[in-house]
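Undergrad: Got a structure for you, questions after.
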Amino acid sequence: QVQLVESGGGLVQAGGSLRLSCAASGRTFSNYAMGWFRQAPGKEREFVAAINWSGSTYYTDSVKGRFTISRDNAKNTVYLQMNSLKPEDTAVYYCAATTRRSYYHSLSYDYWGQGTQVTVSS
């Protein structure tokens with residue numbers, strides 16, 4: 001079992017930045033690939049970014065060049081640095097953990113956090 005707790009969400013103006021954190025506890029953090037997903041009101045949950053065991057990263061096209069995912073295995077934490085935020089980035093952001101080698105779909109992930117709200121005003 002892995003417990004995930006996100007933090008760092010909030011209200012920011014367009015063009016601003018936020019850094020989300022996801023603290024993991026339970027099993028060995030370094031064994032898991034970690035992903036960030038988001039869900040806006042009335043929309044399906046969508047993939048944002050992922051980082052695997054070796055540090056390889058994956059992004060959805062809409063955030064490439066603006067968001068950066070990273071992990072600190074010593075702190076059991078994964079981060080999502082979000083720059084140049086846009087109103088369309090407004091959503092609840094979730095972190096998730098998987099042992100599978102498939103990162104883009106939510107069904108690949110076994111463990112989820114409770115989510116943190118990000119609101120970008122225009």
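The values are calculated or read from the model by the stated rules, or taken from the named source; none is laboratory data. Just so you know, these numbers come straight off a predicted model, no measurement behind them. Counting neighbours? That spans all protein chains shown, and the Cβs are built from the backbone with ideal geometry, glycine included. Quick note on the areas: whole protein, heavy atoms, side chains included, nothing else; ligands and nucleic acids left out. Shrake-Rupley method; radii C 1.70, N 1.55, O 1.52, S 1.80 Å.
Undergrad: How much accessible area per residue does the chain have, counting only protein heavy atoms and a probe of 1.4 Å, in square angstrom?
TA: Numbers: 6130 Å² over 122 residues.
Per-residue value: 50 Å².
Undergrad: Computing the accessible area with a 1.4 Å probe over protein heavy atoms, can you report the carbon and sulfur percentage for the chain?
TA: Details: 2780 of 6130 Å².
So the carbon and sulfur contribution to the accessible surface is 45 percent.
Undergrad: Provide the FRET efficiency to the nearest 0.05 for the residue 66-residue 1 pair, computing r from the beta carbons and using R0 = 35 Å. List each step's numbers first, then the result.
TA: Details: r = 33 Å, r/R0 = 0.95.
Computed FRET efficiency for residue 66 and residue 1: 0.60.
Undergrad: With +1 assigned to the C-beta of every Lys and Arg and -1 to the C-beta of every Asp and Glu, and no other charges, what is the dipole magnitude of the chain about the Cα centre in debye, to the nearest 20? Can you show the working numbers first?
TA: Values: 12 positive and 8 negative charges, 41 e Å.
Dipole magnitude for the chain comes out near 200 debye.
Undergrad: Then there's this: Taking every pair of alpha-carbon atoms in segment 1-55, give the share separated by more than 14 Å as a whole percent. Let's see the in-between values first.
TA: Working: 993 of 1485 pairs.
Value for segment 1-55: 67 percent of Cα pairs lie more than 14 Å apart.
Undergrad: I've got another one for you. Count the net charge of all other residues whose Cβ sits under 15 Å from the Cβ of residue 98, scoring Lys and Arg as +1 and Asp and Glu as -1. Display every interim value, and only then the final one.
TA: Values: positive: 27, 45, 71, 100, 101; negative: 110.
So the environment of residue 98 carries a net charge of +4.
Undergrad: Here's another thing I want to ask about it. Taking R0 as 30 Å, what FRET efficiency do you get between residue 88 and residue 53 from their Cβ-Cβ distance, rounded to the nearest 0.05? Mind showing how you got there, number by number?
TA: Working: r = 31 Å, r/R0 = 1.03.
Once rounded, the FRET efficiency stands at 0.45.
Undergrad: With equal scatterers on the alpha carbons only and no solvent term, can you work out the Debye log10 of I(q)/I(0) for the chain at 0.12, 0.16, 0.17, 0.22 1/Å?
TA: -0.37, -0.67, -0.76, -1.28
Undergrad: Tell me which chymotrypsin sites (Phe, Trp or Tyr not before Pro) from segment 1-95 have a DSSP coil assignment and no more than 15 other beta carbons within 10 Å of their own. Don't skip to the answer; put the middle values down first.
TA: Details: sites: 29, 32, 36, 37, 47, 53, 58, 59, 67, 79, 93, 94; in loops: 32, 53.
Hits after loop and neighbour filter: 53.
Undergrad: Please return the longest stretch of the chain lacking exposed loop sites, where trypsin sites (Lys or Arg not before Pro) count only if DSSP places them in a loop and at most 13 other Cβ atoms lie within 10 Å.
TA: Details: sites that count: 43, 64, 75, 100, 101.
My reading of the result: 1-42 is the longest stretch.
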